[in-house]
Amino acid sequence: MDLIRLKDVHKTYNLGEIDLPVLMGVSLNIDRGEFVALMGASGSGKSTLMNIMGCLDHPTSGDYWLDGREVSRLTARERARLRNRMIGFVFQSFNLLPRTTALENVLMPLIYSKEGLSEHQKRQRAIEILRKVGLSDRLGHQPSQLSGGEQQRVAIARALINRPQVLLADEPTGNLDSHTSEELLRMFQRLNSLDGITIVIVTHDPSVARHAQRIVHIMDGLIRSDADTPRDGGTL
Amino acid sequence: MKGYSILRTALSALRRNVMRTMLTTLGIIIGVAAVITMMEIGNGATIAIQRTMISIGANTLVVVPGAANTGGINYGIGSLMTLTPQDADAIIKECTAVGNVAPIVRARTQLVSGNRNWVPTYVYGTTPSFLQVREWMDLDQGEAFTEHDVRNASKVCLIGQTVVKQLFGGQTPMGKEIRVRNVAFKVIGVLREKGANMMGLDQDDILLAPWTTIKYRVVASSLASANQSSTNTNNTNEVNTLNKIYPEIQQNLYPVPSDTEQADSPQPIRFTNVDQILTSARSAVQIPHAIQQITTVLRQRHHLHISDPNDFNIRDMTEITKAMSSTTELITKLLLCVAMISLVVGGIGIMNIMLVSVTERTREIGLRMAVGAEPGDILRQFLTEAVVLCLLGGTLGIILGRSSSYIVTSVLHWPTATSVSAIVAAVVVSATVGVVFGFYPAWKASRLDPIEALRYE
């Protein structure tokens, strides 16, 4: 069954006098366990699409089923709960809380969780996830004491803390050098293949998109192409 | 999101920017400290004013005997003999609103010392608590007479400054003798200068002695004469050597009642009477209460029937009391205004910093929303931060306020008084200010669009 199913999604921004259509009928299915790259030039609507998939925004028209549930008409509050439970976000600029340790940063989403874990369980889970992203010796470091790659890995750990179904990454390598980017993308691949987490990466960089199993090209608010990547290299 | 984790989030957010936290808190600290210092100085001032007013006699209640009416002649207030020293004891014992009681026996007579003589305005026989009633405890020299002296009818006295001037010139009167109607009193103390009272009578022109001494040794008329107006003038029944020394003094102003007349209107002779009882209410507000209690006690003691009029009168200092209460009220209102202004200023300071903080932390808010914070969570977090800031500021403000009022007392020697109500009010108000002025920024934060907030530079 599809984890993400978009059907004829439109999104129009109202800029005062004029309406700016960004998405003009996007239909897209993503299966559980897929690793998808959304590609497109800036202004193509890929970020808007990701916001809708991440339940940060709702479509002007069209339907969106997340894990079999129609979510496009939910209220802000219901969407917040859904994000907390189902979706992990990784941003281009990391968005870590300054002057806060890596561990605290990773623990942050749990504050809003309804799972009712004890403090000890929360810490255990955070430490385990930080170990998984290779930062077990950086628990007490603040973002300013970490390299860009390490910061992004903290951000990934934070995205994973609530055990989401889908990880949405918006240009996750945009602020990183090519070597670090490569490492990070391999980590995404590992999370995808070993833990079975569905990953959607938004990027404009073909060398980043190459790491995904499937590349969806977006142009002017419409999907232009949707194909699996040739298994040539850069995989496990 | 539970209370504990909200608080922890708020605290860690505040810890993350210590400088901003401190600056924000400073507004409230100064506000609360100002409130407390002002309230305490104000309270001190109020108490000082009250004390001054009391020394004028604001809380004083004078109980005087009623008017005697014999043979159609009304002798006026104070002419009846109805008050006893036991009445005074009963008043202090039974009237909770009364602070001090002093019975008074008056005499108007000549004082002689060496080759000088003088007739003071007041020659009062009383008890040591007279000085408390009149707020006259700190003597210029010497010590007051004691209850022991009262019991023994000791021939000791305290004299006022005018008497000192008239009888002793520049010399110290301590230990000297003053003869009052041929009774030698030893001067054991000199009263502090008090000046004239509001009627222009010189209050320093006074001699105070134990009432027993004045009563039994000087006036010696307690059991005999019919009323007070004749007490000082009609001394024919007394054994008094002064009759020989000053024969002219014995002039009868009132017709001496014949034996028949006296038999027709017998005066019950039952007690040692005093001329008046001076009492003081515990505080200005208790004056009506004190009057009521004294009335009840005296009516009961005098076995007055419900239909009988009072055989005594109680006078209070309405004018002074009114002046005092209006002054106190004015000060309280003034302080309240100052306090409110300080707190509003502090509160606006908090709101400004919180608004800046919301703007500055737009991305953080966006992030929190992205990971699943509901608008309500964001609202609660920022509100909690504001309230924590205010309570922190309140606490520090209390400490600062208390210590600055302490400094004011010790350095400037201004009177201050701890005001618990000011402390409680300051804390309550600072928490309220936190909620009220923290609400708008918090509400603004919770309304942010997570996408916009995440993109905010």
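Any residue that is within 50 Å of the chain's Cα centre (by Cα), surrounded by 24 or more Cβ atoms within 10 Å (Cβ to Cβ), more than 10 Å from every other protein chain (Cβ to nearest Cβ) and under 30 Å from A:Glu115 (Cα atoms) - is there at least one of those in region B:367-383? Yes, because at least one residue in region B:367-383 is within 50 Å of the chain's Cα centre (by Cα), surrounded by 24 or more Cβ atoms within 10 Å (Cβ to Cβ), more than 10 Å from every other protein chain (Cβ to nearest Cβ) and under 30 Å from A:Glu115 (Cα atoms). Find the residue count for region B:393-421, including only residues that are buried (at least 24 other Cβ atoms within 10 Å of the Cβ) and not in a loop (DSSP other than H, G, I, E, B). Number of matching residues: 5.
Per-residue answers, yes or no, for (1) within 14 Å of chain A (Cβ to nearest Cβ); (2) over 23 Å from B:Val133 (Cα atoms); (3) surrounded by fewer than 16 Cβ atoms within 10 Å (Cβ to Cβ); (4) not aliphatic (A, V, I, L, M):
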site	(1), (2), (3), (4)
B:Val274	no, no, no, no
B:Ala290	no, no, no, no
B:Val297	no, no, no, no
B:His303	no, yes, yes, yes
B:Phe312	no, no, no, yes
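Does region B:273-292 contain any residue that is in contact (Cβ under 8 Å) with a residue 40 or more places away in the chain, part of a loop (DSSP other than H, G, I, E, B) and among the β-branched types (Val, Ile, Thr)? Yes - at least one qualifying residue is present in region B:273-292.
When region B:114-133 is filtered for residues that are surrounded by fewer than 22 Cβ atoms within 10 Å (Cβ to Cβ), touching a helix residue (DSSP H, G or I) at 6+ places or on another chain (Cβ under 7 Å) and assigned to a strand (DSSP E or B), the ones remaining, listed by number, are B:Arg116, B:Trp118.
Residues considered: A:Ser118, A:Ser144, A:Ser113. Of these, the only one that is farther than 21 Å from B:Ile6 by Cβ, of a type in the set (Gly, Ala, Ser) and within 14 Å of chain B (Cβ to nearest Cβ) is A:Ser144. Being of a type in the set (D, E, K, R), touching a strand residue (DSSP E or B) at 6+ places or on another chain (Cβ under 9 Å) and either within 14 Å of chain B (Cβ to nearest Cβ) or in a loop (DSSP other than H, G, I, E, B) (or both) holds for only one residue in A:Arg5, A:Arg77, A:Arg83, and it is A:Arg83. Taken over region A:90-103, residues that are facing chain B (nearest Cβ under 7 Å) and over 20 Å from the mean Cα position of the chain (by Cα) amount to 3.
Residue by residue, here is whether (1) over 18 Å from B:Thr279 (Cα atoms); (2) modelled with pLDDT of 90 or more holds:
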site	(1), (2)
B:Gln86	no, no
B:Ala90	no, yes
B:Gly99	no, no
B:Ile104	no, yes
B:Ala107	yes, no
B:Val119	yes, yes
B:Gly125	no, yes
B:Glu147	no, yes
B:Lys155	yes, yes
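In region A:187-196, the condition of being over 21 Å from A:Leu135 (Cα atoms), at pLDDT 90 or above and in contact with a helix residue (DSSP H, G or I) (Cβ under 8 Å, 6 or more places away or on another chain) is met by no residue. All conditions in (1) in contact with a Phe, Trp or Tyr (Cβ under 7 Å, 6 or more places away or on another chain); (2) facing another protein chain (nearest Cβ under 8 Å) hold for A:Asp57, with the sole exception of (1).
Condition check ((1) within 14 Å of another protein chain (Cβ to nearest Cβ); (2) of a type in the set (Val, Ile, Thr); (3) surrounded by 21 or more Cβ atoms within 10 Å (Cβ to Cβ); (4) not in a helix (DSSP H, G or I)) across all residues:
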site	(1), (2), (3), (4)
B:Thr9	yes, yes, yes, no
B:Thr25	no, yes, yes, no
B:Val32	no, yes, yes, no
B:Val35	no, yes, yes, no
B:Gly42	no, no, yes, no
B:Ala45	no, no, no, no
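The values are calculated or read from the model by the stated rules, or taken from the named source; none is laboratory data. Note that the structure is predicted; figures quoted are calculated from it, not measured. So basically every Cβ, Gly included, is an ideal-geometry build from the backbone, and we count neighbours across all protein chains shown.
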